[in-house]
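One structure below.
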Amino acid sequence: MNIHEYQAKEILKSYGVRVQTGVVVDDASKAQEAAKKLNAETGTEWFVVKAQIHAGGRGKGKVQETGSNGVVLAKSLDEVPEKAKNILGGTLVTHQTGEEGKKVNKVLIAEDVYYPGASEPKEYYLSILLDRSKSCNVIMASTEGGMDIEDVAANTPEKIVKEWIDPAIGLQGFQARKIAFALGLEGNAFKEMVKFIFSLYKAYEGSDSSMFEINPVLKTSDDKILAVDAKVNIDDNALYRHKDIQELRDLSEEDPAEVEAGKSGLSYVKLDGNVGCMVNGAGLAMATMDIIKLSGGEPANFLDVGGGANAETVEAGFRIILKDPNVKAILINIFGGIVRCDRVANGVVEAYKKIGNIDIPIIVRLQGTNAEEGAKIIEESGLKVASAILLKDAAAKVKEVLS
Amino acid sequence: MSVLVNKNSKVIVQGFTGSEGTFHAGQMIEYGTNVVGGVTPGKGGQTHLDKPVFNTVQDAVDQAGADVSIIFVPPAFAADAIMEAADAGIKVIIAVTEGIPTKDMVTAKEYIKDKDVVLVGPNCPGVITPEEAKVGIMPGFVFKKGRIGIVSKSGTLTYEAADQVVKAGLGVSTAIGIGGDPIIGTSTKQAVQLLMEDDETDAIVMIGEIGGNYEAEAARWIQSQGNPKPVVGFIAGQTAPKGKRMGHAGAIIGGADDTAAAKMKIMEECGLHVVASPADIGETMKKALGK
């Protein structure tokens with residue numbers, strides 16, 4: 001599960017990680033008050049107004065309606081409301097949102113941490129994530145803070161250092177020191193960074209996260225280390241033991257069709273193609289999308305009905321797919337193991353009749369337990385539904401209806 | 001010798017008396033798998049499906065000689081169940097449970113690391129050696145006996161591959177569903193290696209998905225061994241959108257081997273018979289064997 005920057009910072013703070021302080025508002029009229037509060041708390045005289053959406057690249061991203069960037073600096077209390085107004089309610093397009101962008105419902109008014117002082121402020125990169133191939137967590141750090149880490153990895157991989165954490169003993173002091181030295185820190189900033197890394201790792205473990213990306217981590221001009229931004233991804237499988245984090249879920253950030261599908265126990269991802277599909281099992285679902293492409297179409301979605309393909313799930317699946325006006329045909333591909341194909345076929349016929357006027361061709365491929373009986377039910381239903389048993393026949397039928 | 005499970009395997013079911021455990025244990029017994037009992041803490045001494053129930057895996061090992069365990073325990077307790085089985089001396093643990101927290105699996109995998117045990121899964125359909133033992137949730141009738149081994153991350157796609165192999169006039173020696181979770185016990189390469197060393201397997205179907213580097217690792221290993229047996233490979237997700245699951249940092253750790261296209265290219269370069277369409281698995285295998 002993804003959460004917003006301001007929520008991620010709250011989690012970090014609760015584990016003693018120093019963060020850029022801020023106040024979140026959902027209305028520009030509350031922005032100045034928030035800034036005043038922040039000024040009283042931190043003494044900051046400049047304020048950073050940051051759009052809260054589940055996507056990166058906000059600083060360079062543009063709000064379609066006003067032309068404002070997604071992260072802007074206000075150099076006085078009076079500037080804050082106007083700057084917030086130019087972002088709130090707008091549609092922010094960044095390189096991660098796609099061209100349709102994302103609606104901004106909240107902005108974070110944050111303190112300015114790049115104030116001048118004894119030394120130059122400097123940005124770093126830190127992330128913690130699971131290394132699947134080593135079955136343990138890895139901390140990645142780089143001196144190239146504020147940059148897109150994929151670019152750093154591609155162009156200057158030597159500027160990324162990694163420390164793998166032994167699951168049996170956890171993060172050790174020498175590892176945190178190695179990272180802090182590799183970042184070129186010394187004196188108080190070095191000590192602060194070691195502390196920062198320890199608190200950050202504790203927060204990662206404690207919140208059952210699957211990824212932390214702190215970009216940038218800032219060394220301030222007075223040698224403090226703090227998180228200016230925070231991208232946190234929580235392991236969905238562990239949410240049951242974090243009721244407080246569950247409440248941070250922001251449904252407005254998710255595709256409404258995907259949320260609706262989830263309620264029916266379906267796993268759905270909308271795509272841009274013209275052939276919808278409904279499949280049991282994620283691997284077979286992806287394979288079915290590949291078949292659609294090889295047959296000359298483009299998949300309109302990923303849809304896994306899971307283990308229980310019955311009349312209700314098939315109907316829910318139909319309704320979700322049919323909402324997409326681009327869909328010119330639907331391929332249902334069920335490999336019946338525990339699920340019997342004749343029951344799935346009955347489910348398809350029932351759902352089809354219930355929905356009524358489906359005017360696009362439907363191809364139903366049923367294989368496995370009672371496949372022949374299933375095909376017979378489809379053929380004798382009198383509906384405009386083609387049936388197939390072999391996967392290659394299904395592919396041929398998709399080709400046929402598209403030509 | 002077959003791989004991982006055979007007619008001599010003494011199988012126990014952890015989470016025996018729950019609804020999933022009951023249903024699939026029944027199916028396994030009906031298939032002919034030698035299920036010697038099950039474990040449900042607190043229900044030891046009872047009988048379920050005409051088999052003894054034990055309080056602990058240790059009791060099942062001591063009293064029934066169990067050496068293979070299949071786990072249907074709910075996600076919150078599944079990692080603990082894996083560690084209990086390993087501690088009791090079980091040799092093959094098959095974890096079907098879906099949705100185990102990653103942190104728990106990191107701990108469990110670390111715990112079993114130095115023990116004489118093979119973990120398959122979690123979030124997998126299990127392992128089947130046709131006509132000998134079905135230790136999983138797959139439809140047994142699809143897997144007719146033969147000499148083709150199958151390794152797959154995905155459940156229904158495993159059934160699809162088996163069905164095509166059977167329809168091509170071949171059959172299955174052992175099919176291993178390794179599971180699709182971020183942390184799994186047996187990698188693609190390890191499963192392929194078991195089948196390469198199996199004298200009842202002539203060729204292998206290797207099915208992967210986007211994400212991770214297991215397939216590339218397996219392909220390079222196969223090549224390093226001089227491609228001793230033909231391998232037909234398929235990667236699901238050629239049309240899947242990028243970066244849906246993991247963020248930026250994940251893409252770096254995954255490396256450039258992550259996409260379907262990249263994996264298929266590596267597999268081809270390593271001498272595997274790569275199919276673009278999942279409908280061609282059976283026919284391609286037939287050709288690879290010169291039949």
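Read-outs throughout are calculated quantities, based only on the coordinates presented, and are distinct from any laboratory measurement. Computed from a predicted model, the values in this text were never measured in an experiment. Cβ coordinates were reconstructed from backbone atoms using ideal geometry, including for glycine residues, and neighbour counts include every protein chain displayed.
With both bridge residues required to lie in the protein assembly as shown, what share of the DSSP beta bridges run antiparallel, to the nearest 5%? Provide the component values of the computation, followed by the final result.
Details: 58 of 112 bridges.
Beta bridges within the protein assembly as shown, antiparallel portion: roughly 50 percent.
Please arrange A:330, B:94 by how many other C-beta atoms lie within 10 Å of their C-beta, fewest to most. Let's see the in-between values first.
Details: A:330 25, B:94 33.
Lowest to highest Cβ neighbour count: A:330, B:94.
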Student exercise, the stretch A:122-246 dipole from Lys, Arg, Asp, Glu Cβ charges, in Debye to nearest 20: 400
Inter-chain shielding of B:157-168 (mean C-beta neighbours from other protein chains, 10 Å cut-off): 4
HN-Hα J in Hz across the stretch B:164-176 - Karplus 6.51, -1.76, 1.60, θ = phi - 60°, x for Gly and Pro: 5, 4, 5, 5, 7, x, 9, x, 10, 7, 9, 10, 10
Relative intensity, log₁₀ I(q)/I(0), of the stretch A:256-402 from a Debye sum that treats every alpha carbon as a point, q = 0.21 Å⁻¹: -1.40
The protein assembly as shown, dipole about Cα centre (Lys/Arg Cβ +1, Asp/Glu Cβ -1), debye to the nearest 20: 460
Spread of Cα-to-Cα distances over 20 Å intervals beginning at zero, given as percent, for the protein assembly as shown: 17, 46, 31, 6, 0
Per-residue Cβ neighbour rank within 10 angstrom, fewest leading, A:251, A:12, A:185, A:390: A:251, A:390, A:185, A:12
Karplus-derived HN-Hα couplings along the stretch A:6-12 (A = 6.51, B = -1.76, C = 1.60, θ = phi - 60°), whole Hz, x at Gly and Pro: 5, 6, 4, 5, 4, 4, 4
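Quick check: convex hull of the Cα atoms in the stretch A:122-272, volume per residue, rounded to a whole Å³? Intermediate results must be reported in sequence, preceding the final value.
Working: hull volume 24.1 nm³, N = 151.
Considering the Cα atoms of the stretch A:122-272, their hull volume per residue is 160 Å³.
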Candidates A:133, A:142, A:68, ranked by Gaussian network fluctuation over chain A, Cα under 10 Å, top entry: A:133
Whole-Å distance, taken between Cα centres, linking the stretch B:50-127 and the stretch A:233-276: 30
Residue among A:344, A:285, A:391 farthest towards the positive dipole end of the protein assembly as shown, charges placed on Cβ: A:391
For chain B, share of DSSP beta bridges that run antiparallel, in % to the nearest 5: 20
At R0 = 60 Å, FRET efficiency that the Cβ-Cβ distance of residue A:164 and residue A:358 yields, to 0.05: 0.70
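About its Cα centre, how strong a charge dipole does chain A have in debye, to the nearest 20, once Lys and Arg get +1 and Asp and Glu get -1 at the Cβ? Mind dumping the intermediate values first?
Details: 48 positive and 59 negative charges, 55 e Å.
Here the size comes out at about 260 debye.
Would you work out the relative contact order for the stretch A:1-85, in percent, from Cα pairs under 8 angstrom that are 6 or more residues apart? Numbers along the way, then the final one.
Details: 94 pairs, mean separation 25.6, N = 85.
The value is 30 percent.
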Debye intensity ratio in log₁₀ form over the Cα atoms of the stretch B:134-186, taken at each q of 0.22 Å⁻¹: -0.76
Rounded to whole Hz, the Karplus (6.51, -1.76, 1.60) HN-Hα couplings of the stretch B:274-290, x for glycine and proline: 8, 10, 7, 9, x, 6, 9, 4, x, 4, 5, 4, 4, 5, 4, 8, x
Positive dipole terminus of the protein assembly as shown, leading residue within B:234, A:39, B:218 (C-beta point charges): B:234
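Can you give the Rg to Rh ratio for the stretch A:21-111, taking only C-alpha atoms and Rh from Kirkwood?
Details: Rg = 12.3 Å, Rh = 12.6 Å.
Reported Rg/Rh (Cα atoms, Kirkwood Rh): 0.97.
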Whole-number percent relative contact order across chain B, with pairs defined as alpha carbons under 8 Å at least 6 apart: 14
Residue B:7 paired with residue A:260, simple spin-label distance in nm, labels 7 Å along Cα-to-beta-carbon: 5.5
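222 nm [θ] for the protein assembly as shown, helices only, -39500 (n - 2.57) per DSSP H run of 4+, per residue, to 500?
Numbers: 23 runs with 243 residues, N = 694.
For the protein assembly as shown, the value works out to -10500 deg cm²/dmol.
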Net lengthening on full extension, residue A:400/residue A:181 (0.36 nm per residue, minus Cα-Cα): 72.5 nm
Estimated distance in nm for a label pair at residue A:249 and residue A:188, the labels positioned 7 Å out from Cα along Cα-to-Cβ: 4.4
Long-range HN-HN contacts of residue A:21 with modeled amide H, under 5 Å: A:111
Alpha-carbon radius of gyration plus Dmax, which is the widest Cα pair, for the stretch A:77-185 in Å: 18.8, 53
Backbone N within the stretch A:288-320 under 17 Å of label point (7 Å from residue B:20 Cα along the Cβ vector): A:305-309
Point-to-point label distance, residue B:55-residue A:75, nm (Cα→Cβ direction, 7 Å offset): 7.6
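Sort A:177, A:132 so the one with the fewest other Cβ atoms within 10 Å of its own Cβ comes first.
Numbers: A:177 16, A:132 21.
Fewest to most other Cβ atoms nearby, the residues stand as A:177, A:132.
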Of A:301, A:262, A:183, farthest towards positive along the dipole that unit charges on Lys, Arg, Asp, Glu beta carbons give chain A: A:262
Euclidean distance between Cα centres, the stretch A:35-83 to the stretch A:287-307, Å: 42
Fluctuation leader among B:43, B:134, B:144 - chain B, Gaussian network, Cα springs under 10 angstrom: B:43
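Hey, what's the Kirkwood Rh for chain A if you take every pair of different alpha carbons, in angstrom? Write out the running numbers ahead of the final one.
Numbers: mean 1/r = 0.0415 Å⁻¹.
In chain A this quantity evaluates to 24.1 Å.
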Computed over the stretch A:245-403: relative contact order in percent, which uses C-alpha pairs under 8 Å that are six or more apart: 21
Kirkwood Rh, angstrom, chain B [1 / mean 1/r, Cα pairs]: 19.2
Among A:260, A:150, A:123, residue whose mean-square fluctuation peaks in a GNM of chain A (springs only between Cα atoms under 10 Å): A:150
